[in-house]
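Just so it is clear, none of the values below were taken in a lab; they were calculated from the coordinates. Not measured: the values here are computed from a predicted model. Glycine gets a Cβ as well: all are built from the backbone with ideal geometry, and neighbour counts include every protein chain shown.
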Amino acid sequence: GLKDVNKSRSYGGRAAILVKPIEALSITLAADAQNLNRKSADAVSYDFATGAPVAGRYDQVQNNLEPYRQRYRQYSARAEWDLGVATLSSLSAWQRIRSFNSYDYSAAPLGQLLMLQGGGLVSGATLPFAATTHKFTQEVRLTSNGDGPLRWLIGGFHADEDSLLDQQIVGTARDGKPFPAFAPALGFVIPTSYREDAAFGTLSYDITDRFELSGGLRYSHNRQRFDETVSGPLAPILGIGGAFPTVKSSENVVTYSASAKYSVSDDANLYARAASGYRPGGPNLVLPGIASRFKADRLNNYEVGFKSRIAGGRGNVDVALYWIDYRDIQLTGSMGGLLYFTNGKSATSKGVEASGNFEVVTGLTLAANFAYTDATLDEAVPELGAAKGERLPATPK
């Protein structure tokens with residue numbers, strides 16, 4: 001009987017200042033902030049089997065609201081020093097994100113078990129969790145100056161991230177408030193840490209005044225730590241109570257990029273690019289039958305495209321075709337509503353993107369863009385009920 005349950009309010013701001021103590025040195029200090037508040041989830045209740053809404057096109061069917069809040073802060077300092085033959089750049093950033101979610105858990109298996117244990121006094125369940133992340137990054141680069149045919153860049157990167165996740169299952173009474181004996185009925189406190197160090201370099205060379213080749217390598221090493229403590233009256237029933245041993249993981253990864261660009265004219269170029277990438281794996285939520293670690297997922301991306309200015313610079317046209325080979329793809333699984341990570345086998349994503357804009361008259365610019373994506377699993381993932389050929393999560397048809 002509630003209306004506008006997905007009403008949300010977002011506000012924030014950004015400030016930056018540029019300081020030049022001397023002509024060769026510039027320093028930029030910046031700060032970003034954003035607050036987001038949403039009354040309940042922005043989703044419609046639907047039948048997984050048929051894909052049809054359960055109650056109505058814009059309706060939710062649940063016992064409890066699903067509020068969401070996030071507080072985001074970031075501060076950064078960027079310095080660039082022109083040394084003549086090269087420019088030395090430093091970028092430092094500190095970020096804090098605090099989030100709170102709560103889901104209606106009444107229909108989940110553990111929610112049903114909680115209501116059974118409540119003996120009629122518990123009429124529903126929620127799954128609230130709070131997460132806080134503090135992250136510091138530092139990057140230093142040395143980039144060549146000048147118009148010579150050979151250009152280069154070398155640099156290093158460091159990231160230091162600490163997070164705390166507090167996830168609970170809470171029983172609710174008939175008035176919708178938490179039932180004291182089951183607040184929480186099951187609780188997970190999970191502190192994690194992530195450290196990464198990397199070194200990278202890029203070379204570019206002009207074969208002719210119209211043809212350029214570029215290539216780069218990046219070596220990175222990351223270390224992760226994961227602790228978990230489980231408590232609450234449901235913990236002994238599930239056999240997962242107490243503090244679990246610390247889980248650690250580490251990886252060494254090399255990624256590459258290679259590209260070629262040909263200038264058809266002063267206003268247009270054709271390019272081709274191949275590059276690899278990865279997302280770190282790491283420790284997993286400690287649950288019966290779930291692997292304690294999940295692997296990094298990796299990809300190779302191949303792209304060809306055309307970019308052009310038209311009508312004397314009054315407009316632009318960009319077209320790109322891409323093919324992405326995706327391996328050990330990270331997917332989210334659920335056990336009784338508790339989320340964990342697992343790896344699929346492989347996936348392929350291919351498509352085309354195009355965009356353009358044109359200044360019709362001074363002060364009026366029209367723009368349009370188009371994208372087509374075909375992203376599917378190459379092999380089935382039985383533990384998630386995902387079939388071969390099924391679209392990747394959150395990918396539109």
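From its DSSP helices (H runs of at least four residues, each -39,500 (n - 2.57)), the chain gives a residue-normalised ellipticity at 222 nm of -1000 deg cm²/dmol.
Dimensions of the range 36-193 based on its C-alpha atoms, expressed as ranges along the principal axes with the largest first, amount to 77, 36, 24 Å.
By the scheme Lys and Arg +1, Asp and Glu -1, what is the net charge of all other residues having a beta-carbon under 13 Å from that of Arg14? Net charge in that neighbourhood comes out at 0. With 0.36 nm allotted per residue and the present C-alpha distance subtracted, the Ala130-Gln70 stretch has 20.6 nm of extension available.
Separation of the range 1-80 and the range 159-206, taken as the distance between their Cα centroids, equals 17 angstrom. Remark on the chain: ratio of C-alpha radius of gyration to 2.2 N^0.38 Å is 1.21.
Here is the list for the range 126-199: trypsin sites (Lys or Arg not before Pro) lying in DSSP coil, each with at most 14 other C-beta atoms within 10 angstrom of its C-beta, are Arg174. Extension gain, Asn6 to Thr229: 0.36 nm times the residue separation minus the Cα-Cα distance gives 77.0 nm. Its Cα centre serving as origin, the chain has a Cβ charge dipole (Lys and Arg +1, Asp and Glu -1) of approximately 740 debye. Taken about its Cα centre, the range 258-314 carries a charge dipole of roughly 140 debye when the Cβ of each Lys and Arg holds +1 and the Cβ of each Asp and Glu holds -1. Rounded to 0.05, the FRET efficiency of the Glu353 and Glu23 pair, given R0 = 56 Å and the Cβ-Cβ distance, is 0.90. Gain on full extension, evaluated as 0.36 nm per residue between Phe48 and Ala258 minus their Cα-Cα distance, stands at 71.3 nm. Placing unit charges on the Cβ atoms of the charged side chains and taking the dipole of the chain about its Cα centre, the candidate lying farthest along the positive direction among Ser250, Gly171, Phe294 is Gly171. Dividing the convex hull volume of the alpha carbon atoms of the range 88-152 by its residue count gives 148 Å³ per residue. Which residue, Phe48, Ile17, Gln60, has the largest displacement toward the positive end of the dipole of the chain when charges sit on each Cβ (Lys, Arg +1; Asp, Glu -1)? Comparing the listed Cα positions along the dipole, Gln60 ranks first.
The simple Förster model, with R0 at 51 Å and r as the Cβ-Cβ distance, assigns Leu203 and Asn63 a FRET efficiency of 0.25. Computed over Cα pairs, the Kirkwood radius of the range 283-395 leads via Stokes-Einstein (1.567 mPa s, 4 °C) to a diffusion coefficient of 76 µm² per second.
Just report the Cα centroid separation between the range 261-301 and the range 105-134, whole Å. Rounded to whole Å, the Cα centres lie 36 Å apart. Within 14 Å, Cβ to Cβ, of Ser76, how many net charges do the neighbouring residues add up to if Lys/Arg are +1 and Asp/Glu are -1? Around Ser76, the surrounding residues sum to +2. When the Gaussian network model of the chain links Cα atoms closer than 10 Å, the mean-square fluctuations of Leu299, Leu238, Leu110 top out at Leu238. Would you mind counting up the charge near Ala43? Only other residues with Cβ under 15 Å from its Cβ, with Lys and Arg at +1 and Asp and Glu at -1. Taking every other residue near Ala43 into account, the sum is -2. Of the residues Ala375, Ala77, Ala367, the one that moves most in a GNM of the chain with alpha-carbon contacts below 10 Å is Ala367. Take the Cα of Glu303, step 7 Å toward its Cβ, do the same at Lys397, and the gap between the two points is 2.8 nm.
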